[in-house]
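Q: The following block contains the structure, expressed as structure tokens.
The values are calculated or read from the model by the stated rules, or taken from the named source; none is laboratory data. Keep in mind it's a predicted model, so treat the numbers as computed, not measured. FYI the Cβ positions are ideal-geometry reconstructions off the backbone, even for glycines, and counts take in every protein chain you see. The accessibility values were calculated without ligands, DNA or RNA, using every heavy atom of the protein model including side chains. Shrake-Rupley method; radii C 1.70, N 1.55, O 1.52, S 1.80 Å.
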Amino acid sequence: MTLPFEEWMKDARLDMKEDLCNCGGQPQELATELLVSHVSPEHTEYDIMTAYIKPEVEEVKLRSEQREAFLDFPVAQTVIYPDFGSNPKELNKIQSMILEIRNDKNVKVSHVCIKGYASPEGSFELNERLSEGRAQALKKYLASNLDIPLSMYQVEHSGEDWDGLVKLLDKVVMNDRNEIISIIQNIYNVDSRKRMLRELGGGQPYQYMLKNLYPELRRVVSRVDYSVRGFSIEEAKEIIKTRPQQLSLEEMHLVANSYDKNDDAFAKVFETAVQLFPDDKVANLNAAASALAVNDPERAQRYLDRADRNTPEYKNNLGVLYLMRGENDRARQLFAEASATGLAEAAHNLKELQEK
């Protein structure tokens with residue numbers, strides 16, 4: 001015997017009971033026998049299609065990479081001594097990045113941007129001079145050691161890095177952390193802000209920051225801006241293995257579609273794309289479609305939450321997600337809406353539901 005499955009039956013059990021029905025004036029249940037321990041619907045296999053969007057062509061691929069250098073300077077000085085403190089390691093880190101990009105035949109460097117920061121102890125005026133002077137010092141050092149025209153350098157300074165301090169505070173566990181952040185964000189007079197921080201908690205939180213957090217704020221950030229040439233599909237299939245950031249979303253889409261959709265490499269390309277472009281709505285839509293294709297609804301949901309909800313492809317893929325969850329009526333509605341726009345995948349899915 002079969003019965004139509006209804007939602008209330010989920011995770012139910014079926015027992016058979018023998019009941020004498022009050023015969024002889026004695027209500028009595030003689031036996032209970034378990035027939036089914038878990039009621040579930042008959043599984044139906046659907047030939048369901050997810051939908052992808054081809055990204056727009058990126059006419060000029062502009063990219064940038066940056067490194068932070070925590071250079072050691074003598075107190076209140078702005079001169080770089082290459083062998084002083086940790087400078088050999090920090091300077092090598094910056095130079096290696098710049099040289100790697102400059103020597104890459106696929107790219108063309110447009111700017112080397114250098115920005116100096118200072119920690120907020122001492123006077124505001126002094127810290128302004130230190131952040132600017134130390135950025136200029138790094139420019140002078142790089143210009144004398146690298147074959148890059150001076151015209152390509154851009155130098156900026158940020159002075160006291162309060163934003164950086166808040167980011168560091170978000171990562172540590174320390175006394176009065178919330179009060180410190182509140183002072184930084186709500187006390188606009190810098191002198192008053194510094195005084196309140198020094199006095200908070202008897203000065204212990206300030207001493208902790210001075211020793212453990214402020215050194216990380218005394219830094220110079222070097223960023224290289226560059227453009228990347230276009231690649232053929234075969235070139236892109238090699239580039240994605242080593243420097244995927246040089247590819248556009250459109251190039252990665254072409255790479256993915258050079259593989260069979262059942263190939264692991266197909267799904268891996270879309271996962272790489274969304275990691276490189278985490279805020280791009282098309283990248284998220286396509287990553288969701290790929291996740292659904294390998295039956296990973298949780299990952300698909302995360303990507304769909306960041307995709308454009310006004311596209312038929314989104315509605316189709318959300319319909320696939322609902323179908324996986326057993327919500328066939330909602331899936332049918334979404335397939336119908338997407339199919340009405342002419343999306344072939346949605347029309348196919350709607351027909352599947354109607355037939356099965």
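Q: So Asn103 fits all but one of (1) open to solvent by 40 Å² or more (accessible area, probe 1.4 Å); (2) in contact (Cβ under 8 Å) with a residue 12 or more places away in the chain; what number is the exception?
A: (2)
Q: Now for a separate question. If you check every pair at least six apart or on different chains, which have Cβ atoms under 8 Å apart with a residue in region 131-160 that is closer than 24 Å to Glu100 by Cβ first and a residue that is assigned to a helix (DSSP H, G or I) and basic (Lys, Arg) second?
A: Qualifying pairs under 8 Å: Leu146/Arg102; Ile148/Arg102; Tyr153/Lys139; Val155/Lys139.
Q: Among Ala331, Ala338, Ala346, which is the only one that is at pLDDT 95 or above and within 22 Å of Val274 (Cβ to Cβ)? Before the answer, list the steps.
A: Working: Ala331 fails: within 22 Å of Val274 (Cβ to Cβ); Ala346 fails: within 22 Å of Val274 (Cβ to Cβ).
After applying the criteria, what remains is Ala338.
Q: With the requirement that a residue be within 20 Å of Ile239 (Cα to Cα), of a type in the set (S, T, N, Q) and open to solvent by 40 Å² or more (accessible area, probe 1.4 Å), what does region 267-320 give you?
A: Gln275, the sole residue that qualifies.
Q: Shifting gears a bit: Here's a check for you: in region 163-216, which residue that is under 23 Å from Glu128 (Cα atoms) and acidic (Asp, Glu) is surrounded by the fewest Cβ atoms within 10 Å (Cβ to Cβ)?
A: First, the residues of region 163-216 that are under 23 Å from Glu128 (Cα atoms): 163-169, 180-181, 183-198, 206-207, 209-216.
Those left that are additionally acidic (Asp, Glu): 163, 191, 216.
Details: Asp163: 12, Asp191: 10, Glu216: 16.
Checked region 163-216; the qualifying residue surrounded by the fewest Cβ atoms within 10 Å (Cβ to Cβ) is Asp191.
Q: Go through (1) among the polar types (S, T, N, Q); (2) surrounded by 15 or more Cβ atoms within 10 Å (Cβ to Cβ); (3) closer than 30 Å to Val224 by Cβ one by one and return the number of the condition Thr242 breaks.
A: Of (1) among the polar types (S, T, N, Q); (2) surrounded by 15 or more Cβ atoms within 10 Å (Cβ to Cβ); (3) closer than 30 Å to Val224 by Cβ, only one is false for Thr242: (2).
Q: Go through region 274-356 and tell me which helices (runs of 4 or more DSSP H), entirely inside it, have 3 or more residues that are of a type in the set (Asp, Glu).
A: By residue number, 344-355.
Q: Regarding region 250-266, can at least one residue be identified that is farther than 30 Å from Ala76 by Cβ, open to solvent by less than 30 Å² (accessible area, probe 1.4 Å), at pLDDT 95 or above and charged (D, E, K, R)?
A: Yes: one or more hits.
Q: Where in region 183-232 are there helices (runs of 4 or more DSSP H), lying fully within it, with 2 or more residues that are more than 30 Å from Asn103 (Cβ to Cβ) and without any contact (Cβ under 8 Å) to a residue 40 or more places away in the chain? Give the steps one after another, and end with the answer.
A: Numbers: elements: 190-199, 204-212, 214-217.
By residue number, 190-199, 204-212.
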